[in-house]
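Down below is the structure, laid out as structure tokens.
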Amino acid sequence: MSLQGIGMTSERTRSRMVDRLREQGIRDERVLNALRTVPRHIFVEPALAHRAYEDTALPLILGQTISQPFVVARMSELLLAGRTSLGKTLEVGAGCGYQAAVLGTLTREVYAVERIGPLLSRARDNLRQLRMHNVRLKHADGNWGLPEAAPFDTIILAAAAAQVPAKLLDQLAPGGRLILPLGNSNGADQVLSLIERGPDGFVENRYDAVRFVPLLPGVE
């Protein structure tokens, strides 16, 4: 599939998506430029490529989804607020690699873990097309983070948890930020939670209602 895209996958269509995100309240131009840069159509299933720049989640293999562009932008913007960079970043739940690609345009060092092997293979292929050599992928249980690369300035979870995995808090650097959908795994009552590691402990703020697949243990 062409990286540039044509018709409903063209750069013009991608720019219209960014215009809608701006209208929805995304203000950080770094984030908007990242979503303008990354061709989402190569990350979705080929039959759905014509819908890649709609503001909606789309199905992937094995019951997984690619997050809607607004949620990707919103999580990135919250993590960046008042900061010059994301710093060393860990993504839990790499999926098809789309969010990792967006993160890879916003910082120089991204690690991403994914528990489902076939999905991780898709992510590798997708990121290889973009030649994003600053994104490292690993087949692993995201509940454990990535201790060999810790600490992280930023941790982002693309799956919902009833509570923050303790191992991820341990791997957050001083002053670091972690964002995740916090709430029931059935999709009800999930909310974006941003946690910052300060000198006196962790400070949490809650934002938008969201709906994500659950954070599951183990690898497949």
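Condition check ((1) under 11 Å from the mean Cα position of the chain (by Cα); (2) surrounded by fewer than 16 Cβ atoms within 10 Å (Cβ to Cβ); (3) among the acidic types (Asp, Glu)) across all residues:
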site	(1), (2), (3)
Gln68	yes, no, no
Val71	yes, no, no
Ser76	yes, no, no
Lys88	no, no, no
Cys96	yes, no, no
Ser121	no, yes, no
Asp125	no, yes, yes
Leu137	no, no, no
Trp144	no, yes, no
Item to check | Conditions (1) assigned to a loop (DSSP other than H, G, I, E, B); (2) buried (at least 18 other Cβ atoms within 10 Å of the Cβ): number failed by Arg177 | outcome: (1)
Item to check | Scope the stretch 146-174; condition modelled with pLDDT under 95 and either part of a strand (DSSP E or B) or within 15 Å of the chain's Cα centre (by Cα) (or both); matching residues | outcome: Ala158, Ala159, Ala160, Ala161
Checklist outcome for this item: Taking the stretch 32-66 and keeping residues under 14 Å from Ala123 (Cβ atoms) and loosely packed, with under 15 Cβ neighbours inside 10 Å leaves Ile61, Leu62
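Yes/no per residue for (1) within 21 Å of Arg177 (Cα to Cα); (2) polar (S, T, N, Q):
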{"site": "Ile26", "(1), (2)": "yes, no"}
{"site": "Arg36", "(1), (2)": "no, no"}
{"site": "Ala49", "(1), (2)": "no, no"}
{"site": "Thr56", "(1), (2)": "no, yes"}
{"site": "Ser76", "(1), (2)": "yes, yes"}
{"site": "Gly87", "(1), (2)": "yes, no"}
Next on the checklist: With the structure loaded, tell me whether Leu90 is at pLDDT 95 or above and hydrophobic (A, V, I, L, M, F, W, C) or whether it fails that test.
Outcome noted: yes
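The values are calculated or read from the model by the stated rules, or taken from the named source; none is laboratory data. Everything numeric in this text was worked out from a predicted model, so none of it was measured. Every residue, glycine as well, gets a Cβ built from its backbone with ideal geometry; the counts of neighbours run over all protein chains shown.
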